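All of the numbers you see were taken from the coordinates with simple rules; none came from a lab. Because the structure is predicted, anything quoted here is derived from the model rather than measured. Cβ placement follows ideal geometry from the backbone for every residue including glycine, while neighbour counts extend to all protein chains displayed.
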């Protein structure tokens, strides 16, 4: 009987260590994400370290501001679009709600703005965004509405709460990479 109790005790210890190990990974990842989010004002202010000249020489290469006429102004434009895009990606990959696909719309919008800002030879940088966003909107908006309608139909037919319905509709990939692979 002693050996059986010892084996049982070792199994409990091993299972507790696995939970603690998983918990510590989650805590570390959460700490990294929270630190990055809280440091985004510093990322946004990086444009102030760029010289106010048309050509900026760095160890990575030379940047010519072209249409913007000032490297500092160009970096201000880029940081004003890249920082929200990064925050949207973090929100998208960490969101646990059924509606997180709606975040694809602002992600595509900011991506399009960055691309058109890079090709700043066009005078009207933020024009015609709706033409690029339209295919995304055509897919995302009806699918979110259908999921919502299906949820509320099931709520009316059953005794489940809204949280239980959200959990039922939620797609739960095991990690960030599997969540990315889910879309491609």
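Assign one of three labels to the range 37-106, namely rounded, prolate or oblate, based on the Cα gyration tensor with a ≥ b ≥ c the square roots of its eigenvalues; rounded applies when a/c is under 1.5, prolate when it is not and a/b is larger than b/c, and oblate otherwise.
prolate
Label residue 164 and residue 118 with points 7 Å out from Cα along Cα→Cβ: what is the distance between them in nm?
4.9
State the extension gain, in nm to one decimal, for the chain segment bounded by residue 95 and residue 59, taking 0.36 nm per residue of separation less the distance between their alpha-carbons.
On the way: separation 36, 0.36 × 36 = 12.96 nm, distance 3.76 nm.
That pair, residue 95 and residue 59, stretches by 9.2 nm at full extension.
Please give, to one decimal in nm, the separation of the simple spin-label points placed at residue 107 and residue 37, each 7 Å out from Cα toward the Cβ.
For residue 107 paired with residue 37, the spin-label model returns 1.6 nm.
When the chain is fully extended, how far beyond the present Cα-Cα distance does residue 45 get from residue 134, taking 0.36 nm per residue of separation? Each step should come with its number before you reach the end.
Numbers: separation 89, 0.36 × 89 = 32.04 nm, distance 3.24 nm.
Between residue 45 and residue 134, full extension yields 28.8 nm more.
Can you sort 146, 29 from fewest to most other Cβ atoms within 10 Å of each residue's own Cβ? Show your work: numbers first, answer last.
Working: 146 10, 29 13.
The fewest-first ordering by Cβ neighbours comes to 146, 29.
Taking other Cβ within 10 Å of each residue's Cβ, how do 96, 81 sort, fewest first? Don't skip to the answer; put the middle values down first.
On the way: 96 9, 81 21.
By the 10 Å Cβ count, ascending: 96, 81.
Fewest to most neighbouring Cβ within 10 Å: what's the order for 109, 151?
Listed from fewest to most nearby Cβ atoms, that is 151, 109.
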